[in-house]
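Notes to accompany the following structure.
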Amino acid sequence: MFENFKPLPVDSILSLVKAFREDPRDGKIDLGVGVYKNADGLTPVMRAVKAAEKKLWEQEDSKSYVALAGDPAFSDAMIGLVLGESVARGSIAAAATPGGTGAIRQAFELVKLANANARVFVSNPTWPNHTSILDYLGMEYVAYRYFDAETRGVDFDGMMADLKDVKAGDIVLLHGCCHNPTGANLNLTQWQAVVDLLNETGAIPMIDIAYQGFGDGLEEDAAAARLVASSVPECLIAASCSKNFGIYRERTGILMAVSADASQQVLNQQTLAFLNRQNFSFPPDHGARLVTMVLSDAELCADWKAELEEVRLGMLGLREQLAGELQRLSGSDRFGFLAQHRGMFSRLGTTPDMVEKLKTEHGIYMVGDSRMNIAGLNAQSVPILAKAIIDVGV
Ligand code: LMR
């Protein structure tokens, strides 16, 4: 049986982790995988998470199963965080999943179950695992224009023109904030235009929100998801707690299905629980419990928000420093987009050759499409990166 396996395509993000680790050079810079790092290059456990963990260790008296859709208290807390009061709670079904990726996978499975002919429209580019999972599930997808290679902003006209092809029942996958891999985002006026188009065509939005709090702030980053959820009859939202709670390895995420008609909620909730049962049975609880504890305790929540804001402002500062340094070295404003982008990533917009040169000649690792993890920088490495970018001829 095993001889039937074929070599699989290499994951462009995860393969960098290994290559970086094996590079013996001092001073190498890792701008690859989307994991937050502080100025010392560390990914610490957030203070509030650590405090919740201590409490949990003292209080938890059983490791028995919780529920197929996870603890309803986790769903309530996450619905509050992502959707606020924008949608009536009674019309939202939700299930905990193993990380944001688990939520995406469950969402695609749910779509397939509901409508085997649905096509999924994905931004070009998008997080490579979106299309990888769609391929794996044998689902049809269509790319819509998103990134303007010239301005490094959103090609909004192109995007809207391509989305005109959606049909009722198709899914439009949108990044709720902090677009991965580009860092280029829609403004709220543009989101409204997308919502109008979805309502005209009957296509269903699916929002992937994995970086809430890393862009313009916790509330600001949720504004698009709230606008969409409150304006369309049905939508799916896949949210991750990996980044904003820094609990990557705990695999904590949630899938929400919002329907206009509250009477649909019961069936949606059953379907989410059923899909969990088929794929992994009970979702992991530890990370979800920590998140619930942090969000429902005023003191822990305030401390978490404060630390998250430090993280966000730190990344913004690095963006501005990098854009400023490149302006000085190039004598032009053509790198100004780096300060405009939001979230953990920016797409530099260079050729794969230049990305390769940055790696081989300067020990700087970024994804082949020139996506940089801004959190991989610090005040000392920004000038080194800026000089290398100019050196390789960007
Ligand atoms: C990324 O985009 O780097 C992260 O979401 C990590 C991953 O799993 O790819």
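The values are calculated or read from the model by the stated rules, or taken from the named source; none is laboratory data. Remember, predicted model here, so these are calculated numbers, not experimental data. Cβ placement follows ideal geometry from the backbone for every residue including glycine, while neighbour counts extend to all protein chains displayed. Surface areas here come from the heavy atoms of the whole protein model, side chains and all, with no ligands, DNA or RNA. Shrake-Rupley method; radii C 1.70, N 1.55, O 1.52, S 1.80 Å.
With surrounded by fewer than 23 Cβ atoms within 10 Å (Cβ to Cβ), within 29 Å of Gly34 (Cβ to Cβ) and not assigned by TED's automatic domain parsing to the domain that holds Arg347 as the only criterion, which of Ser123, Ser86 stands out?
Ser86
How many of the residues making up the range 234-249 are in contact with a Pro (Cβ under 8 Å, 6 or more places away or on another chain) and either within 13 Å of the ligand (Cβ to nearest atom) or on the phi > 0 side of the Ramachandran plot (or both)?
Residues in the range 234-249 being in contact with a Pro (Cβ under 8 Å, 6 or more places away or on another chain) and either within 13 Å of the ligand (Cβ to nearest atom) or on the phi > 0 side of the Ramachandran plot (or both): 1 in total.
Only one of (1) on the phi > 0 side of the Ramachandran plot; (2) open to solvent by 30 Å² or more (accessible area, probe 1.4 Å) is not met by Ala306, so which one is it?
Among (1) on the phi > 0 side of the Ramachandran plot; (2) open to solvent by 30 Å² or more (accessible area, probe 1.4 Å), Ala306 violates only (1).
Residue-wise test of (1) in contact with a helix residue (DSSP H, G or I) (Cβ under 9 Å, 6 or more places away or on another chain); (2) within 16 Å of the ligand (Cβ to nearest atom); (3) open to solvent by 20 Å² or more (accessible area, probe 1.4 Å); (4) not in a helix (DSSP H, G or I).
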{"site": "Lys18", "(1), (2), (3), (4)": "no, yes, yes, no"}
{"site": "Arg25", "(1), (2), (3), (4)": "no, no, yes, yes"}
{"site": "Ala52", "(1), (2), (3), (4)": "yes, no, no, no"}
{"site": "Leu68", "(1), (2), (3), (4)": "yes, no, yes, yes"}
{"site": "Ala73", "(1), (2), (3), (4)": "yes, no, yes, no"}
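When both residues are 6+ apart or on different chains and their Cβ atoms are under 6 Å apart, which pairs have a first residue that lies in the range 45-58 and is within 15 Å of Ser296 (Cβ to Cβ), and a second that is in a helix (DSSP H, G or I) and β-branched (Val, Ile, Thr)?
What qualifies is Ala48/Val294; Ala52/Val294.
Is it the case, given these coordinates, that Leu134 is in the same structural domain as Asn244 (by TED's automatic domain parsing) and within 16 Å of the ligand (Cβ to nearest atom)?
Considered against the rule, which asks whether it is in the same structural domain as Asn244 (by TED's automatic domain parsing) and within 16 Å of the ligand (Cβ to nearest atom), Leu134 comes out as yes.
Quickly run through the range 205-232 and pick out the residues that are touching a strand residue (DSSP E or B) at 6+ places or on another chain (Cβ under 7 Å) and open to solvent by 10 Å² or more (accessible area, probe 1.4 Å).
Asp208, Ala210, Val232
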